[in-house]
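Each remark here refers to the structure printed beneath this line.
The values are calculated or read from the model by the stated rules, or taken from the named source; none is laboratory data. Bear in mind that the values here come from a model prediction, so they are computed numbers and not experimental data. FYI the Cβ positions are ideal-geometry reconstructions off the backbone, even for glycines, and counts take in every protein chain you see.
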Amino acid sequence: MNRSINFGGAQALVVFFLLTHVSISLLHAGPDETGGVKPRVVVLPAEHSPGVKAAFAKQMKDVFAAVTPVSEERLPDFSAALTDALVGSKKYDVLERSALEAVTKELHLGHTEFADLDRAVQMGKLLNADYVLLPEIRLITASVTKSEVPFVPAMKKSINAVMSVRVRLVEVATSRLARSFSEEILHAGPGTASGGGSADQALLYAQSVYRAAAAEVVAALTKPDGQVGATESAQAKEPSNKRGEISASGEEPNR
C-alpha cells in the first residue's frame, strides 16, 4: 500500500507559488515523431553512494597526474546529463530544472529526501508530470591501462572508467514503480594519461563518462522489459489513452 504524504497548507502555497512565479516550461515540448503526445518527465538530482564522489575526484587527479586537486563540487551533474539524453531521444518532454528547484525550495526538502518514492510522487504531482526519474550512482572508478604500441618500443596509456547506476522510474498517477534497473557502463576513452595534466582535462574526461552513462540509461529505458541489464522490476502496463504513457517497449501506445 502506498503511503500518502500530506503537506497541508504548504502544498497549497507551493501550487500558488508555481502558478504565480514559475513558468513550468518543457524542454523540446510537443508531439513526438509519430504525432503522439510524449510522456512528461521530471529528473530528480542524482543520489551518490557514500564516498563515491570524493573517491572519483581523487582518482581523476591521480589518473591525469593533475597538478591541482580535482574538486568534488566541480564533478559533472549526472541529472543534467540524463536530461540532455532524454531530450535528445525525442521521446520525452522534460521539465526544466528551475521548476523542480522551486518546489524543493518551497517545501524545504533536503537532498537526501529525493530518494523517497512518496516525496518523488508528490513533487511529480505538483509539477504535473507523468513520470519521475530517480537516478543513483552506486560506483564510479577510473584507472589507467597500458598496452604495447605495434612496431614502436613504447607503451600506450589509456583511461578506462566504470560507472554503476541504478535508475527508478515512478509513474505519478498510480505511484507505482514503472521501471527499476541497474546498469554498469564501461567507458574506454577518449583520453590518455600523461604527467603534468590539469584538473580541467580531468573534468572534461569525467563529463564524457557521465554523458556516455546517461545515453546508456536512456537507451535502456526504451528497451522491452526483460532486456534491461540487471532488471530489478519490470511491471509493464497495458497501453491506455491517457497522455504519454510508456508501454512495455518504452514507446507510446498507438493512437
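To keep it simple, each residue is scored yes or no on (1) hydrophobic (A, V, I, L, M, F, W, C); (2) out of contact with any Phe, Trp or Tyr (no Cβ under 8 Å at 6 or more places or on another chain).
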{"position": "Met123", "(1), (2)": "yes, yes"}
{"position": "Ala142", "(1), (2)": "yes, no"}
{"position": "Arg168", "(1), (2)": "no, yes"}
{"position": "Gly197", "(1), (2)": "no, no"}
Residue match in the stretch 194-211 (condition: farther than 25 Å from Lys90 by Cα, surrounded by 14 or more Cβ atoms within 10 Å (Cβ to Cβ) and at pLDDT below 75): yes
Options Pro190, Pro150; residue that is modelled with pLDDT under 95, farther than 20 Å from Phe78 by Cβ and surrounded by fewer than 14 Cβ atoms within 10 Å (Cβ to Cβ): Pro150
The one condition in (1) at pLDDT 90 or above; (2) among the hydrophobic types (A, V, I, L, M, F, W, C); (3) closer than 21 Å to Gln207 by Cβ; (4) surrounded by 14 or more Cβ atoms within 10 Å (Cβ to Cβ) that Leu27 fails to fulfil: (1)
Flag for Glu106 being closer than 30 Å to Lys58 by Cβ, modelled with pLDDT under 85, part of a helix (DSSP H, G or I) and not hydrophobic (A, V, I, L, M, F, W, C): no
For Thr112: the one exception among (1) modelled with pLDDT of 80 or more; (2) in a helix (DSSP H, G or I); (3) out of contact with any helix residue (DSSP H, G or I) (no Cβ under 8 Å at 6 or more places or on another chain); (4) of a type in the set (Val, Ile, Thr): (1)
Matching option when the condition is outside any helix (DSSP H, G or I), in contact with a Leu (Cβ under 6 Å, 6 or more places away or on another chain) and either closer than 17 Å to Ala214 by Cβ or modelled with pLDDT under 90 (or both), among Val94, Val67, Val87, Val132: Val94
